[in-house]
Amino acid sequence: MIKKVGILANGGDVPGFNAVIRAIVRTAEQNGVECYGYLDGFNGLLHNNKVRLDHQPIASGILHKGGSIIGSSLNSNVFNYKVIEDGNVVYKDLSEQCVQNMKNDGIDCLFTLGGDSTQKSARDFTLRGVNVIGVPKTIDNDVACTEKTFGFDTAVAVATDALDRLHTTAESHNRIMVLEVMGRYAGWIALEAAIAGGADAVLIPEIPYDIEKVADKVRERQKEGKNFSIIVVSEGAFPKGGSMSVKNTREGGSGVINIQLGGAGEIVAKQLEEKTGLISRNTTLGYLQRGGTPTSTDRILSTEYGAKAMDLALEGKFSVLTVLKNGKLDYVPLEDVVGNNKKIGAVGGGTKESNTKVVKMDDDLIKTARNIGICLGD
């Protein structure tokens, strides 16, 4: 019987974090379950820093708020955690300390709000005997086994609004306006925003692009008397025979993603200006996509996910991820989410073994983009 649960938010913040937390807490309150939030994600779990959430002011009035009231950790893999010993950096598996903290406090179930890396760690904790239920969060919409992650709709809405604004400048000054959006390994944001925002070309990680094809699209528009173009570029897009644009690298251990992407939009803008003679400018949305108020769609989806997660806990269904399948709430084993990425402590996404959800070439969005004349760079 569930009496006490814990929540942690992990990875980059997204609109909807608080709506999920609120839904879990509200459902817990309805069933007499104590609810605690671990501060700053897995760091809070490791150091046992937590705050009570049920029947507390902190969890009230948060449905519309962006960010996370309990914070979120980036790249804190407790199965391969960075520590300093005798002045030297070493990496240790400190997951057992997390398990002991939960046992000591009587936590019956842990809710993990996060993307592929978070749910990879969630699966790893199930192998340590912890009752875990995951909730799929990522701006990129790339968590396996679910149709949509919370936070994604808001990101697309922000990108679409940016495209609407860039259109006016592009048309007024006869320019090529490039918009770089998030999407490390999956081009969902770029693709949906391109369709919604009337872009002329979209470049995504799943399709290595030929810049000449994009330039041809611009020239085609020029022949039609349209001396401006709108191009959307995923941060993970790369040219045929090339590689992703890496802005920075760091040494964070083998269990985290150590590359910071950046510059894909700038590269495309520069090359198109050289090839077409039109002035080209790049705008990188960056963190604007993940901050601020969630859309109504994300508020509803987040609330559904949170309530469903708590229901699953009350039913004793653990080691699962809440998902949206065929438009309905459901759940799948965390093992399915992990896929072939079985090694404990391994990086969550971006490897051949990872079960990242990417855009398939037979997806309706790809077909739609081609049908309405959007260039995909291939």
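General observations
- Of residues in segment 82-111 being modelled with pLDDT under 90 and under 16 Å from Phe42 (Cβ atoms), the one surrounded by the fewest Cβ atoms within 10 Å (Cβ to Cβ): Val83
- Selected residue (only one of Ile107, Ile139 is within 30 Å of Lys3 (Cα to Cα) and in the same structural domain as Ile24 (by TED's automatic domain parsing)): Ile107
- The condition (being under 23 Å from Asp13 (Cβ atoms), among the β-branched types (Val, Ile, Thr) and out of contact with any His (no Cβ under 7 Å at 6 or more places or on another chain)) is satisfied by just one residue among Thr160, Thr168: Thr160.
- Hits in segment 1-12 (condition: crowded, with 21+ Cβ neighbours inside 10 Å and either charged (D, E, K, R) or at pLDDT 95 or above (or both)): Val5, Gly6, Ile7, Leu8, Ala9
- Yes/no for Ser319 being under 16 Å from Thr149 (Cβ atoms), among the small types (Gly, Ala, Ser) and touching a strand residue (DSSP E or B) at 6+ places or on another chain (Cβ under 7 Å): no
- Here Leu74 passes the criteria (1) in contact with a Lys or Arg (Cβ under 9 Å, 6 or more places away or on another chain); (2) more than 18 Å from Glu304 (Cα to Cα) except the one numbered (1).
- When segment 278-291 is filtered for residues that are hydroxyl-bearing (Ser, Thr, Tyr) and more than 16 Å from the chain's Cα centre (by Cα), the ones remaining, listed by number, are Ser280, Thr283, Thr284.
- Boolean, Asp142 is touching a Phe, Trp or Tyr at 6+ places or on another chain (Cβ under 7 Å) and not in a helix (DSSP H, G or I): yes
- Residue in segment 92-115 that is more than 23 Å from Thr351 (Cβ to Cβ), hydrophobic (A, V, I, L, M, F, W, C), without any contact (Cβ under 8 Å) to a residue 60 or more places away in the chain and assigned to a loop (DSSP other than H, G, I, E, B) present: no
- When Val332 is tested against (1) part of a loop (DSSP other than H, G, I, E, B); (2) surrounded by 12 or more Cβ atoms within 10 Å (Cβ to Cβ), only condition (1) is not met.
- Ser172 vs. criteria more than 23 Å from the chain's Cα centre (by Cα), among the polar types (S, T, N, Q) and under 23 Å from Leu285 (Cβ atoms): yes
- Qualifying residue in segment 161-182 (condition: touching a residue at least 60 places away in the same chain (Cβ under 8 Å), among the small types (Gly, Ala, Ser) and closer than 30 Å to Lys120 by Cβ): no
- Residue-level analysis places Glu304 among those that are in contact with a strand residue (DSSP E or B) (Cβ under 7 Å, 6 or more places away or on another chain) and surrounded by fewer than 21 Cβ atoms within 10 Å (Cβ to Cβ).
- Of the residues making up segment 34-56, at least one is among the polar types (S, T, N, Q), over 27 Å from Thr297 (Cβ atoms) and in a helix (DSSP H, G or I).
- Which numbered condition Arg370 fails, given (1) in a helix (DSSP H, G or I); (2) charged (D, E, K, R); (3) more than 16 Å from Ile204 (Cα to Cα): (3)
- Residue within segment 9-29 that is farther than 24 Å from Lys148 by Cα and either of a type in the set (S, T, N, Q) or in a strand (DSSP E or B) (or both) present: no
- The residue pairs whose first member lies in segment 297-319 and is in a helix (DSSP H, G or I), whose second member is among the acidic types (Asp, Glu), and whose beta carbons are closer than 8 Å, counting only pairs six or more residues apart or on different chains, are Thr297/Asp153; Asp298/Asp153; Leu301/Asp153; Ala313/Asp108.
- Some residue of segment 292-300 being more than 16 Å from the chain's Cα centre (by Cα), of a type outside the set (Asp, Glu) and more than 20 Å from Asn18 (Cβ to Cβ): no
- Set side by side, the residues Ser72, Ser95, Ser68 differ, and just one is among the polar types (S, T, N, Q), closer than 14 Å to Asn48 by Cβ and in contact with a strand residue (DSSP E or B) (Cβ under 9 Å, 6 or more places away or on another chain), which is Ser95.
- None of Leu53, Leu45 is more than 20 Å from Pro136 (Cα to Cα) and either buried (at least 24 other Cβ atoms within 10 Å of the Cβ) or outside the structural domain of Leu113 (by TED's automatic domain parsing) (or both) except Leu53.
The values are calculated or read from the model by the stated rules, or taken from the named source; none is laboratory data. Just so you know, these numbers come straight off a predicted model, no measurement behind them. Backbone-built Cβ (ideal geometry, glycine too); neighbour counts: all protein chains shown.
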